[in-house]
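Okay, structure first, notes after.
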Amino acid sequence: MPVRVASLWIPGPLPALNAVLDAAKGAGGTGAHYSRLKRAWTTTVWALAKQARIDKPCPFSGPVRIRFEWRERDRRRDPDGFSSGGKKVILDGLVQAGVLRGDGWRHVAGWEDCWCVDAAAPGVLVEIREVSP
């Protein structure tokens, strides 16, 4: 049986970890800003995954390896920041869209991050590859 691979382009820039932490600290510590930010980005990823039909014919049953190619407008944000904040909403959106059954140890075997500057088209290219049994 061939190894299943799917790709998804997510226009960005996605929220960096600092933005996520700032949102979590805002609104008097209630987490309301964080909830709105996470919901908005998770829904965006969900919609893009559904539009790309990468949940068809069925979700990845796991485990998978995921490659994230982060494309930033410039070098102002640190790679650990944009990959940490972005990865959270991407994985949650893929689970919500039914592409992945979960984002824990049983379903994600690992990931790889790489990054570059692309001022014209910031975002992230996500490649999901089923791990051979």
Answer residue from the range 73-83, given it is touching a helix residue (DSSP H, G or I) at 6+ places or on another chain (Cβ under 9 Å) and in a helix (DSSP H, G or I) and is surrounded by the most Cβ atoms within 10 Å (Cβ to Cβ) among those: Phe82
Looking only at the range 3-44, and only at residues there that are among the hydroxyl-bearing types (Ser, Thr, Tyr) and over 21 Å from Trp70 (Cβ atoms), the one that is modelled with the lowest pLDDT: Thr30
Residue count, the range 79-133 (criterion: among the basic types (Lys, Arg) and under 13 Å from the mean Cα position of the chain (by Cα)): 2
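May I ask you to say which residue of Trp70, Trp41, Trp9 is part of a helix (DSSP H, G or I) and either of a type outside the set (S, T, N, Q) or surrounded by fewer than 19 Cβ atoms within 10 Å (Cβ to Cβ) (or both)?
Values: Trp70 fails: part of a helix (DSSP H, G or I); Trp9 fails: part of a helix (DSSP H, G or I).
Selected residue: Trp41, the only one of Trp70, Trp41, Trp9 that is part of a helix (DSSP H, G or I) and either of a type outside the set (S, T, N, Q) or surrounded by fewer than 19 Cβ atoms within 10 Å (Cβ to Cβ) (or both).
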Among (1) under 25 Å from Pro2 (Cα atoms); (2) modelled with pLDDT under 95; (3) acidic (Asp, Glu); (4) surrounded by fewer than 17 Cβ atoms within 10 Å (Cβ to Cβ), the one test that Asp55 misses: (4)
Members of the range 102-133 that are in contact with a strand residue (DSSP E or B) (Cβ under 8 Å, 6 or more places away or on another chain), buried (at least 16 other Cβ atoms within 10 Å of the Cβ) and not in a strand (DSSP E or B): His107, Pro122
Lone qualifier among Gly86, Gly98 - being in contact with a Pro (Cβ under 9 Å, 6 or more places away or on another chain) and crowded, with 18+ Cβ neighbours inside 10 Å: Gly86
Candidates Ala47, Ala19 - the one that is assigned to a helix (DSSP H, G or I), within 13 Å of the chain's Cα centre (by Cα) and either more than 14 Å from Glu127 (Cα to Cα) or of a type in the set (A, V, I, L, M, F, W, C) (or both): Ala47
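The values are calculated or read from the model by the stated rules, or taken from the named source; none is laboratory data. Please read all numbers here as calculations on a predicted model, not as lab measurements. Every residue, glycine among them, receives a Cβ derived from its backbone with ideal geometry; neighbour counts consider all protein chains shown.
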